[in-house]
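A.B. asks: Below is the structure I would like to discuss, written out as structure tokens.
The values are calculated or read from the model by the stated rules, or taken from the named source; none is laboratory data. What you see is a predicted model; the values in this text were computed from it and never measured. We place every Cβ from the backbone using ideal geometry, glycine too, and count neighbours over all the protein chains shown.
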Amino acid sequence: MIKKSFSYRFWEIFPGALTWTALLLPLILSFFLPAGVAIFIILFDLYWLYKSTIMGAHLISGYNFMKHEKRIHWLDRLKELPKDQYKPSWHDIYHVYMLATYREDIEILRASIQSAVDSDFPLKQIILVLAIEERDKENARQISQILKKEFDGKFYDFIITEHPDDIAGELKAKGANLRWAGKKLEKYLKEKKFDFSKVIVTAADADTRVHPKYFSCLTYKFLLEPDPLHCSFQPIPIYANNIWEAPALCRVIAFSSSFWQMIEATRPWRLINFATHAMSMQTLVEIDFWETSCVNEDSRQFWRGYFKFQGDHKVVPVFVPVYMDAVLSDNFWLTLKNQYKQKQRWAYGIEHLPYIMKSAIKDKTISFWDKAVKIYRLIEGNFSWATASFFIAFVGWLPLWFGPGFRSTVLAMNLPFLARILLALTWIGLLISATISILLLPTPPPGYKKNTLKMIAQWILIPIVAIFFSSIPAIDAQTHLMLGKYLGFWTTPKTVKKQ
């Protein structure tokens, strides 16, 4: 194992130490300063009410943007673009749809590839790359050859890459597979004499099904962007492929994840790569493709571009969605276990903090305030992720339980009432979420009936979700990093439910 410097370990320890301090301090202070803890929780509830209101407004905005962009005929808009000597024609743009897979069922991959076939963008301008792993070679080689035969002639080309196992310094993770596939793609495109600046690479999970207008919309936004080579392009991930089959808890978590990405897409100054994302091939070559030694390569991709181009890098939202699977396994308890592990892996994105701090200190060209604001958002976001539901659910009761003589004060008598009123108002945001979740539901598969009331009622599970499938996995991830017990990459199993 590589020996890490004191400063690197400090920033690994910091998030977990901050979270545990924030969780334990109110308990300790409740014995000595119960009124102070009570005032803190009232102020926190007010802050959370404000934040919920803002997020509700952004969610409505994000949904409206998505509904609007799905209606636009992007291919027609491409055809209407005026000729520009400084910009390529859309006819010159090629897309690479790169699916990274490890032990996925053939039906999962077939549906993802078919979604690209169903695209309204010319298929002869799309290259399909299926990135398999050597450690799954017996299954993956067979499946990949079946799929290549099935889709033969549909695309410009169908390329299969196989990432070798046990490369020194690499984590067994998606990023390592993507980088290997990217290097093979680079060689292929050079031999074919492609202009890298006119090739857009979409890196996707195996279960990602693109909207029929995705490639057309992405092409349009790429061509209209003043500096597309210093951009990432981020579609909205909608976890709804198997939403009807998933249990209620996982449906709520799946929609919540989609909603957060919709909210962030309306605030592009905050947007960071997540799951499926796209960049030009030239940009990928300049930043040396993907990171091979971290768990969450998608969010790291933003930071690598940000520091490589000295702050001149941004994420452009693409409101035409891509569709992915909610967590679903062979039985209920295994599904919940896998859901927890998925959220833990996502929360482990705080692993980037030491890299970010080291790079930020080293780079003197980027504005101090730009770096500071971005770092603050990262720390605050992960801190809230781990602590907010505990503050809301438990901290307000600590002064009443442990504060000597506090129960007889006027503040103590009014505290539960005030907390209930403030938190009741936050349910307005849940009503917005429930309504939009109904609007996003796909057509039920055979054997399932559309039950709108059940889909609305499932949102009463949000307190359980917030504690057990949000805060606790985040605390778990931060604690692992703090103690130096590093997490490896865990691939969420994809299950095809048989009727």
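A.B. asks: Considering region 241-257 alone, what residues qualify as being surrounded by fewer than 23 Cβ atoms within 10 Å (Cβ to Cβ) and within 18 Å of residue 56 (Cβ to Cβ)?
C.D. replies: Selection gives 256, 257.
Quick grid of which residues meet (1) within 13 Å of the chain's Cα centre (by Cα); (2) more than 30 Å from residue 216 (Cβ to Cβ):
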{"position": "314", "(1), (2)": "no, no"}
{"position": "323", "(1), (2)": "yes, no"}
{"position": "334", "(1), (2)": "no, yes"}
{"position": "340", "(1), (2)": "no, yes"}
{"position": "349", "(1), (2)": "yes, yes"}
{"position": "352", "(1), (2)": "no, yes"}
{"position": "355", "(1), (2)": "no, yes"}
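A.B. asks: Can you tell me how many residues within region 1-60 are closer than 30 Å to residue 360 by Cα, surrounded by fewer than 18 Cβ atoms within 10 Å (Cβ to Cβ) and aromatic (Phe, Trp, Tyr)?
C.D. replies: Residues in region 1-60 being closer than 30 Å to residue 360 by Cα, surrounded by fewer than 18 Cβ atoms within 10 Å (Cβ to Cβ) and aromatic (Phe, Trp, Tyr): 5 in total.
A.B. asks: Sticking with this structure for a sec: Can you list the helices (runs of 4 or more DSSP H) lying wholly within region 236-317 that have 1 or more residues being among the small types (Gly, Ala, Ser)?
C.D. replies: Values: elements: 248-265, 281-286, 297-308.
Correct list: 248-265, 297-308.
A.B. asks: Could you give every pair whose Cβ atoms fall below 7 Å, whose first residue belongs to region 44-72 and is touching a residue at least 60 places away in the same chain (Cβ under 8 Å) and closer than 16 Å to residue 261 by Cα, and whose second residue is of a type in the set (Val, Ile, Thr) and surrounded by fewer than 16 Cβ atoms within 10 Å (Cβ to Cβ), counting only separations of at least 6 or pairs across chains?
C.D. replies: Taking only residues 6 or more apart or on different chains, the pairs are 56/428.
A.B. asks: Name every residue in region 213-254 that is among the acidic types (Asp, Glu) and either at pLDDT 95 or above or under 17 Å from residue 277 (Cβ atoms) (or both), in order of residue number.
C.D. replies: 225, 227 - these are the residues of region 213-254 that are among the acidic types (Asp, Glu) and either at pLDDT 95 or above or under 17 Å from residue 277 (Cβ atoms) (or both).
A.B. asks: If I filter region 277-287 for residues that are on the phi > 0 side of the Ramachandran plot and surrounded by fewer than 24 Cβ atoms within 10 Å (Cβ to Cβ), do I get at least one hit?
C.D. replies: Initial filter on region 277-287 (on the phi > 0 side of the Ramachandran plot): none.
Within region 277-287, none of the residues are on the phi > 0 side of the Ramachandran plot and surrounded by fewer than 24 Cβ atoms within 10 Å (Cβ to Cβ).
A.B. asks: Which number in (1) more than 30 Å from residue 52 (Cβ to Cβ); (2) touching a Leu at 6+ places or on another chain (Cβ under 7 Å); (3) aliphatic (A, V, I, L, M) marks the one condition that residue 483 misses?
C.D. replies: In the conditions (1) more than 30 Å from residue 52 (Cβ to Cβ); (2) touching a Leu at 6+ places or on another chain (Cβ under 7 Å); (3) aliphatic (A, V, I, L, M), residue 483 misses (2) alone.
A.B. asks: Any residue that is closer than 30 Å to residue 351 by Cβ and hydroxyl-bearing (Ser, Thr, Tyr) - is there at least one of those in region 396-418?
C.D. replies: Kept after step one, since they are closer than 30 Å to residue 351 by Cβ, are these residues of region 396-418: none.
Taking every residue of region 396-418 in turn, none turns out to be closer than 30 Å to residue 351 by Cβ and hydroxyl-bearing (Ser, Thr, Tyr).
A.B. asks: Give me the pairs, please: first residue somewhere in region 270-298 and free of Cβ contacts under 8 Å to residues at least 12 places away in the same chain and more than 16 Å from residue 346 (Cα to Cα), second residue anywhere and assigned to a loop (DSSP other than H, G, I, E, B) and basic (Lys, Arg), beta-carbon distance under 6 Å, and either six or more positions apart or on two chains.
C.D. replies: So the pair list comes out empty.
A.B. asks: For region 11-43, name all the residues that are within 28 Å of the chain's Cα centre (by Cα) and in contact (Cβ under 8 Å) with a residue 12 or more places away in the chain.
C.D. replies: 11, 12, 13, 14, 15, 16, 17, 18, 19, 20, 22, 23
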